[in-house]
């Protein structure tokens with residue numbers, strides 16, 4: 001099949017949250033006709049004002065679309081959108097392609113692909129990494145599972161959303177690559193937060209510490225981008241804690257399925273559950289620092305920029 005082009009392809013979009021709204025906006029900017037649906041219509045208003053069309057249900061979206069992309073919250077949401085009574089599998093336009101960009105369970109992605117194939121549809125799992133900033137700048141890393149022909153057909157869409165686009169393998173492989181990403185982030189975040197907590201308790205100037213270690217072997221995206229926000233006590237989300245806990249739980253379940261024990265991820269999962277218990281499930285992932293503060297009975301005052 002031909003690649004999806006603005007002149008010949010209508011796009012459906014479901015889910016306009018922290019990342020989904022920016023991603024959908026890039027497709028609008030590229031000239032694609034977009035029909036969208038999200039649970040709270042007011043969140044879609046900026047996109048509707050820019051020319052997107054509204055549909056009252058996911059089924060109504062995909063019935064009009066050559067490709068439907070979903071970016072929702074949890075596996076239960078994905079399951080409902082695809083397999084509900086009026087879901088995408090039952091109602092998609094013949095010959096269309098379904099692209100789930102939610103981070104979800106690899107087995108669910110494989111089920112979607114099988115059900116889509118049985119109806120003559122194509123399906124891809126294409127979770128992303130890069131957070132809200134990567135979504136806004138269209139520089140996401142996109143990890144794709146599914147058939148090569150479908151990946152090639154959808155590539156023009158992916159190129160509008162990200163800079164690193166890699167076909168990982170068959171259905172579900174994109175999700176498993178995303179879980180690898182989340183395992184790295186979980187362990188790294190513990191190190192960054194504990195480093196700041198130690199430096200604070202030792203009486204160091206944390207801005208000076210970041211200048212030093214951010215240019216050495218410890219340098220990483222989390223240290224250079226999120227540690228300064230921690231110092232300012234800015235825990236606004238680029239990616240919700242509650243979604244991160246979901247991803248870690250999926251990774252632990254899949255690891256158990258293939259016979260692995262991941263003690264580092266298990267610890268991170270427990271610590272992040274404490275973050276949720278403290279009421280910060282809708283904060284950014286760097287809110288792990290708040291749980292570690294609580295466990296250490298200390299509190300970091302907001303730090304200004306380096307002098």
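The values are calculated or read from the model by the stated rules, or taken from the named source; none is laboratory data. Since we're looking at a predicted model, the values are computed, not measured. Every residue, glycine as well, gets a Cβ built from its backbone with ideal geometry; the counts of neighbours run over all protein chains shown.
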*Within the stretch 177-191, which residues are in contact (Cβ under 8 Å) with a residue 40 or more places away in the chain and more than 13 Å from the chain's Cα centre (by Cα)?*
183, 186, 187, 189, 190
*Please tell me if residue 265 is on the phi < 0 side of the Ramachandran plot, over 17 Å from the mean Cα position of the chain (by Cα) and in the same structural domain as residue 200 (by TED's automatic domain parsing).*
yes
*asked:* List pairs: first residue in the stretch 229-252 and closer than 13 Å to residue 18 by Cα and assigned by TED's automatic domain parsing to the domain that holds residue 273, second residue part of a helix (DSSP H, G or I) and at pLDDT below 95 anywhere in the structure, Cβ distance under 7 angstrom, at least six positions apart or on different chains.
replied: 238/131; 238/132; 238/133; 239/131
_If I go through the stretch 157-189 residue by residue, how many of them are out of contact with any helix residue (DSSP H, G or I) (no Cβ under 6 Å at 6 or more places or on another chain) and either more than 18 Å from residue 123 (Cβ to Cβ) or in a strand (DSSP E or B) (or both)?_
10
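So that you can scan it fast, the table gives a plain yes or no per residue for (1) in contact (Cβ under 8 Å) with a residue 60 or more places away in the chain; (2) in the same structural domain as residue 141 (by TED's automatic domain parsing); (3) more than 20 Å from residue 136 (Cα to Cα):
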| site | (1), (2), (3) |
| --- | --- |
| 19 | yes, yes, no |
| 23 | yes, yes, no |
| 53 | no, yes, yes |
| 59 | no, yes, yes |
| 63 | no, yes, yes |
| 69 | yes, yes, no |
| 73 | yes, yes, no |
| 82 | no, yes, yes |
| 107 | yes, yes, yes |
*asked:* Looking only at the stretch 276-300, filter to residues that are crowded, with 17+ Cβ neighbours inside 10 Å and farther than 21 Å from residue 199 by Cα; which one of those is nearest to the chain's Cα centre (by Cα)?
replied: 284
*asked:* Restricting to the stretch 222-258, name every residue that is out of contact with any strand residue (DSSP E or B) (no Cβ under 9 Å at 6 or more places or on another chain) and surrounded by fewer than 16 Cβ atoms within 10 Å (Cβ to Cβ).
replied: 224, 225, 232, 233, 253, 256, 257, 258
*asked:* Criterion first (outside the structural domain of residue 185 (by TED's automatic domain parsing) and either touching a helix residue (DSSP H, G or I) at 6+ places or on another chain (Cβ under 7 Å) or crowded, with 17+ Cβ neighbours inside 10 Å (or both)) does residue 303 satisfy it?
replied: yes
_Please list, ordered by residue number, the helices (runs of 4 or more DSSP H) wholly in the stretch 221-303 having 1 or more residues that are under 21 Å from residue 207 (Cα atoms)._
221-225, 227-231, 288-296
*Quick one: in the stretch 79-108, which of the residues that are part of a helix (DSSP H, G or I) and in contact with a strand residue (DSSP E or B) (Cβ under 6 Å, 6 or more places away or on another chain) is surrounded by the fewest Cβ atoms within 10 Å (Cβ to Cβ)?*
81
*asked:* Restricting to the stretch 259-274, give me the number of residues that are surrounded by 11 or more Cβ atoms within 10 Å (Cβ to Cβ), touching a helix residue (DSSP H, G or I) at 6+ places or on another chain (Cβ under 9 Å) and under 27 Å from residue 107 (Cβ atoms).
replied: 11
*For the stretch 64-90, name all the residues that are more than 20 Å from residue 20 (Cα to Cα) and at pLDDT 95 or above.*
83, 89, 90
*Mind counting the residues in the stretch 207-220 that are part of a loop (DSSP other than H, G, I, E, B), in contact (Cβ under 8 Å) with a residue 12 or more places away in the chain and over 26 Å from residue 273 (Cβ atoms)?*
2
*Can you pull out the residues in the stretch 109-139 that are in a strand (DSSP E or B), buried (at least 24 other Cβ atoms within 10 Å of the Cβ) and without any contact (Cβ under 8 Å) to a residue 60 or more places away in the chain?*
123, 124, 125
